[in-house]
Amino acid sequence: MQSGSNAFLEALRAIAPAAVPDWVLMVTAAVIGFAIALGLISVAALFFVWLERKVAGHIQCRYGPMYAGGWHGWAQSLADGVKLMLKEDLVPRDADRALFIFAPGLVLAAILGAMAAYPLAPAVFFGQFSLGVFFIVAMSSMTTIGVVMAGWASNSKWTTYGAMREAAQVVAYEIPLGLSLLVPVMAAGTLDLRAASAMQSGLWGMDWLIMPWNNPFMLPAGVLFLVAALAETKRAPFDLPEAESELVAGFMTEYSGIRWSFFFMEEYAAMFLMSAVGAVFFLGGFESPLTHLAAQIGGTELFVRDAAGTLAFDASAIPYQIVAGLTLLAKTVFGVFLMMWLRWTLPRVRIDQVMTMGYKYLTPLALLCVVGAAAWEAIKHALWS
Amino acid sequence: MASSATATYVRNIWESVKTTLVGMRITGKYLLQKPITVQYPDERMPIPDRFRGIHYLEQEKCIECLACARACPIDCIEMEAIRHGKELEWISFTLDYQKCMFCELCVYPCPKDCIHMGTEYAFVSFDRSEFKHDLLSFKGMDRAARARMKEAEAKKAAKDAAKAKADAAKTAAKDKPAADKPAAEKPAPDAPKAGSDAPKAGQDKPDAGAAAPGAGGAG
């Protein structure tokens, strides 16, 4: 696991001849990582838009998209994407042109940056983030700046309302989100997503952090995290910044075409990342019986450093890496599905209710969880060491 | 006072968690059950009895009496046909579906019970003129009608010929020398006249009916 800073860089170092300077390898590795992250965000957005429409449809006793592509309309969001790309890129006359054009890019760039901390597999990752959770939360909060920028630059009352709500909501929910994540961080003793996942590798999920014998405050912290993550990603019932029935589309009212789709990609990528964080800390990360089985078949480390310090590629670890990566992906998709389920179950709340919930309920409860978890960990350490 | 506020606070948390779970159970149930909607162009909902859709005309029964056109409160039925004795050579029978309100009043007065309300309801077109819909299944005359007409004409011709013969015989008996020649020639132009009508009717072929759009042809 502690094989190096970047799996792609390690792989390139193993393949490339010694004459190639290190900075070339680093740039190449960065480009590969960027391409993969961008592809992951795009595909995730396409898939989740389709999934959202199917889930919404079936919850309302209808089918959702059925035609595009044949099987259950799988190509619907692909077709929509092509349509969005071909649409006219409108900028309102009285808008602040530079900011208006820059805002969607900033939103997408922030979430793309946050993607860097997502571990694809135990040994395949974009970078060595010892502060992984902190990084994801910080970067995904940066999208708020883009949203406020978009709302203000559009020069319309609906977008300004949306931007104000987004700012108020994110400030209110950032606190419980961070606090509820402190509980698993204390239980795991690390902010690194891969390290936290590696701690939970017992059979049948006995060592999952969420199990009450590990820390009884994890379960309420998980619920708090889910609610705070919904508000943080501005999903229903906390979709006040968009609020299509009262604010038209909130901060993105004036946007169209590909810029508008950037906001959507950001929304689904943010959901994906929040679910990934939740999956790692509250659902056992890479661990499942299948992962456990795959670990028995071959090695678990892709790059093994021998005594002399040279790296060797271990192909027998490939099944484990694939199974582990898919396990995390499945848990992440389940998290996103849970968010969609909640969206099509609950009606939107009023802005004062959002504030009440954030400040009067989630924050004190998260604080309570943090104090309890800290006490539990202190007692555990005092008793067992 | 303080304790009751705390109780409210705890109850609010409990209620919100509980009601959310209740809601998720309900939506989860719907998520798993089969959708109740129908994939429209591929499948259709069952059509109720006495449904009033696009009209259906039994053309071979129709006698062009115009009863339906007169009954129509908005005059959207127009028909045109040439009469050959009892038989009809159809040119058009149109209903303007931009006007028609599907009141079914055209159906009741029909003495032959040949116009009905159909089950087809989707009538889509890119052109307004296509809503003036022709109900005929074929133009001109059908084979049976033509055969009947020919039979009737042949019968009539035979009858005329017989009558002319009898007349000729009568006149010949009356004044033998004088009017014999012109009276004998009189039936002669009659016979080709009856024969020349048949090829004229034959020009309008019954297969012209293939050009008439069916009720579903608009889709």
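In the distance distribution for segment B:26-91, Cα-Cα pairs more than 15 Å apart total 73 percent.
Note on chain A: Kirkwood hydrodynamic radius from all Cα pairs is 22.2 Å, rounded to one decimal.
FRET efficiency for the pair A:ILE36 and A:ASP352, taken as 1/(1 + (r/R0)^6) with r the Cβ-Cβ distance and R0 = 41 Å, rounds to 0.45. Pick out, from A:TRP23, A:LEU38, A:LEU329, the residue whose Cα sits farthest towards the positive end of the charge dipole of chain A, with +1 on the Cβ of Lys and Arg and -1 on the Cβ of Asp and Glu. Farthest towards the positive end: A:LEU329. Over all other residues within a Cβ to Cβ distance under 12 Å of A:VAL171, the charged ones net out to -2, with Lys and Arg as +1 and Asp and Glu as -1.
Summarising the amide proton neighbourhood of B:LYS132: residues at separation of 5 or more, or on other chains, whose placed amide H is nearer than 5 Å comprise B:TYR97. Running Debye on segment A:205-288 with equal point scatterers at the Cα sites and no solvent, what base-10 log of I(q)/I(0) appears at q = 0.17, 0.18 Å⁻¹? Here the Debye-derived log intensity ratios amount to -0.75, -0.80.
Stretching B:SER3 away from B:ARG83 to a fully extended chain increases their span by 18.9 nm, per 0.36 nm per residue minus the current alpha-carbon distance. Here the simple spin-label model places points 7 Å from the Cα toward Cβ, and for A:ASP96 and A:HIS72 these points are separated by 4.5 nm. Counting Cβ atoms of other protein chains within 10 Å of each Cβ in B:23-35 and taking the mean gives 5. Three semi-axes describe the equivalent ellipsoid of segment A:9-64; taken as square roots of 5 times the Cα gyration tensor eigenvalues and ordered largest first, they are 44, 8, 5 Å.
Given a cut-off of 27 Å, name the pairs among A:LYS234/B:LYS18; A:LYS331/B:LYS29; A:LYS234/A:LYS331; A:LYS234/A:LYS380; B:LYS86/B:LYS163; B:LYS112/B:LYS139 whose C-alpha atoms lie farther apart than that in the structure shown. In this structure, A:LYS234/A:LYS380 lie more than 27 Å apart at Cα. For segment A:117-133, 3J(HN,Hα) computed residue by residue from phi via the Karplus equation (6.51, -1.76, 1.60; θ = phi - 60°) reads 8, 6, x, 5, 8, x, 10, 10, 8, 7, x, 7, 9, 6, 10, x, 5 Hz, glycine and proline entered as x.
Any read-out appearing in this document is the output of simple, stated calculations on the displayed coordinates, not a laboratory observation. Not measured: the values here are computed from a predicted model. Cβ sites come from the backbone with ideal geometry, for glycine too, and all protein chains shown count toward neighbours.
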